[in-house]
Amino acid sequence: MPEQPQVERSQSDRPMIEIRNVTRSYGAFKALDDASLTIKEGEFFSLLGPSGCGKTTLLRMIAGFDNPTGGSISVGGQPMEGIPANRRPTNMVFQSYAIFPHLNVEQNVAYGLKRLKLQGGEEKRRVEEALAQVSLTGLGKRLATELSGGQRQRVALARALVMRPKVLLLDEPLSALDKKLREQMQVELRRLQQAVGITFVLVTHDQYEALAMSDRIAVMFGGKIAQVASPKEIYQRPVNRQVADFLGGMNFVKAEIVEENGASLVVDTLGFGRVKTDKPKAFVRNGGAATLGIRPERLRVLWDNATAKFEVAGKVVERHYFGEITHLIVEIPGLEKPLSVTETNDFGADDIPVGTSIRLAYDPEALVAMAD
Amino acid sequence: MTAVRRFLSGGWLPSYAFLYVLFLYLPVIFLPIFSINTAATPKFPLSGFTLHWYEDLPRTPALLDAAWNSLIVGVSAAVLSTVLGILAARSITRYRYPGRRTINGLIMAPLVLPEVIVAISMLLVMLQLGLSLSLFTVVLGHVLVCIPYSMTVLTSGFEGFDRSLEEASADLGESAFGTFRRVTLPMVAPAIISSLLVCFTISLDEFIIAFFLTGTEATLPIYIWGQLRFAAKLPGVLALGTLLLVASFLLMTIAEILRRRAARRTQNEGGLYA
């Protein structure tokens, strides 16, 4: 059994990557606009956003394939300005995997080690170890053309990990895989990251991928970082409608601010009445109007005579069946848009006829105020 | 009606294909057949088997000179057109700029220009430039006709070259030169060798341009042309022709195999097997 590399397992608060006011302009167009971000040592960090939001640009600048037109990037406390890609303590898993087609698996993994001119059997030992980490033991002699997509992905991972980088950069590594394999790789990647303890930076446009794998997520739109937080916070407390929308379904309700103080907001809504909620850190008051959001799964159908402290009444106008869950569209008097409700099917939500009057329970904690 | 139906059903296509190939290659097959015939005149029935005509070939000094000239011209033209072809193919496959298609078209044009016209124009230009006709002018002419072939082979080798391969190499610590040596070159090497072989073969077989642009030094096709005046030399010409034919066929086959290998290498990237 080869000895595992001695890397600090636990996540620390020490910064690994510091991105300060980084801008990347192409003429008048800004691919990245004054982005600042700190990624901690040992963290699994995701850059999440739609295509063209600047996430890949940022990743490529950390790797050294592109340079900021303003601001600075440092990795492991060392400023990266003027340091080319081949001398940075980062390694990348490319979207296309970029497996060298003229080399076999072993030669691919050993590619970067060749330059280090390791003594004795060290190179072979490290290649074996990396192949074992990605469960490719025994496939060393295969050619790249003889591998499946999932196997190529593992080779790309092993080839980067074998260099023992301070930071592993992953550019949409799972986008070419089919759904089932993708979900399996998400679990494996997360497990691998915990085992090696290296800082991972993942670029993805898939919100579920980011939520499932990351310690923290930066959501990006139009070259700007909209929110940086843990998956749970991003999902439950999105700072604005754009972030909320990008991370799955969200019901938006217009609200009127009645009272605002340091930590909380009291708002009046049609449908939900007067609600007191936590004030998000990034909340910026824009006149007297605000928006409340509630996730579809935070609204529960009240059966028969059951009651709840907080409830709204309405009428089912649409029903969509999804196997384990049912999606109900419920019209609430006073609300301009009907609410989406996601209910598990164990109590028969899939049998509620369209047109039925129902009551929905909610927790005011689940109502989140956000800037428009 | 049934005849029409049978015609439309395409049942005659295999026979057509067979006749077509026969028509194309029958003359070519006569060449080796008559080259091992004892009679000096090429006609049936064959009079007997001999390798006499082949044995005579290395004993003909003029032929050896011509072969040597062809070798020099062929190698020079192949190297020059491949180097120029690499630059052009890299630029056309890698970068996007205005006029890219036009430039590509202009480079490929000699393929369809009448060779006699190209040869005469080149002759005029060479004379205007004050160059005296020699093997060097033949090389220049051959480069012109070889480049379209070189471009075709090389662009198919370079096309789809995944840029992230070079980035991956840099990412793994390799320098720019090391990346070129360890990734770029091995990946496109088959295409480059293929281009060299194709250009050499074209130059070796090319007659018209060589005929116009050479001075006193003959290349093989010109030597053959000269020998045709003497009926007694015909079997020797046939033997030489057979050798050229075999050599061209072999070189082109190897070149095509290499070209396909290069294209496979550069294009089989990404998650195609997902």
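Where a number appears in this text, it was derived from the coordinates with a stated rule and is not lab data. Being a predicted model, the structure only gives us computed values, none of them experimental. Every residue, glycine among them, receives a Cβ derived from its backbone with ideal geometry; neighbour counts consider all protein chains shown.
Tabulated data for the structure shown
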| item | result |
| --- | --- |
| Computed FRET value (nearest 0.05) for A:Ser148 with A:Lys315, which takes r as the C-beta separation and R₀ as 51 Å | 0.50 |
| Given charges at beta-carbon only (K, R positive; D, E negative), |dipole| of the stretch A:15-236 in Debye | 480 |
| Dipole in debye (nearest 20) - the stretch B:72-265, about Cα centre, beta carbon charges: Lys, Arg +1; Asp, Glu -1 | 280 |
| Total formal charge among the other residues, if their Cβ is under 14 angstrom from that of A:Asp34, Lys/Arg +1 and Asp/Glu -1 | +3 |
| Between the stretch A:83-121 and the stretch B:1-56, the alpha-carbon center distance in angstrom | 56 |
| Chain A: relative contact order in percent, alpha carbon pairs under 8 Å with at least 6 residues between | 15 |
| Beta bridges by DSSP in chain A, antiparallel share as percent, to the nearest 5 | 75 |
| Net charge dipole size for chain A [Lys, Arg +1 and Asp, Glu -1 on Cβ; Debye, nearest 20] | 1360 |
| Summed residue charge, Cβ within 9 Å of A:Gly64's Cβ, Lys/Arg positive, Asp/Glu negative | +1 |
| Euclidean distance between Cα centres, the stretch A:168-233 to the stretch A:21-61, Å | 15 |
| DSSP bridge orientation in the protein assembly as shown - percent antiparallel, rounded to nearest 5 | 75 |
| Proximal aspartates and glutamates to A:Lys40, defined as alpha-carbon separation beneath 15 angstrom and excluding residues fewer than eight positions away on the same chain | A:Glu8, A:Asp13, A:Glu18, A:Asp215 |
| Principal axis dimensions, largest first and in whole angstrom, of the stretch B:183-272 by Cα | 64, 27, 16 |
| Anchor A:Lys30: lysines whose Cα lies under 17 Å away (excluding residues fewer than 8 positions away in-chain) | A:Lys55, A:Lys224 |
| Cα long-axis angle, helix B:61-94 against chain B (0 to 90 degrees, to the nearest 10) | 30 |
| Distance histogram for the stretch A:15-236 (every C-alpha pair counted, 10 angstrom bins, percent rounded to whole numbers) | 8, 34, 36, 18, 4, 0 |
| Along each principal axis, Cα extent of chain B, largest first, Å | 70, 70, 34 |
| Principal axis dimensions, largest first and in whole angstrom, of chain A by Cα | 76, 46, 38 |
| Helix-derived mean residue ellipticity, 222 nm - over chain A, DSSP H n ≥ 4, -39500 (n - 2.57), to 500 | -6000 deg cm²/dmol |
| D (Stokes-Einstein, µm²/s), Kirkwood Cα radius, the protein assembly as shown, 1.002 mPa s at 20 °C | 69 |
| FRET E, pair B:Arg94, B:Val4, Förster distance 51 Å, beta-carbon r, rounded to 0.05 | 0.40 |
| All lysines inside 16 Å of A:Lys309 as judged from Cα atoms, apart from same-chain residues fewer than 8 positions distant | A:Lys276 |
| For the stretch A:224-297, Kirkwood radius (reciprocal of mean inverse C-alpha pair distance, Å) | 12.9 |
| Nearest-ten-degree value, helix B:115-128 long axis tilted from longest Cα axis of chain B | 80 |
| Reduced Cα scattering model of the stretch B:1-103, Debye log10 I(q)/I(0), q = 0.10, 0.19, 0.20 Å⁻¹ | -0.75, -1.01, -1.05 |
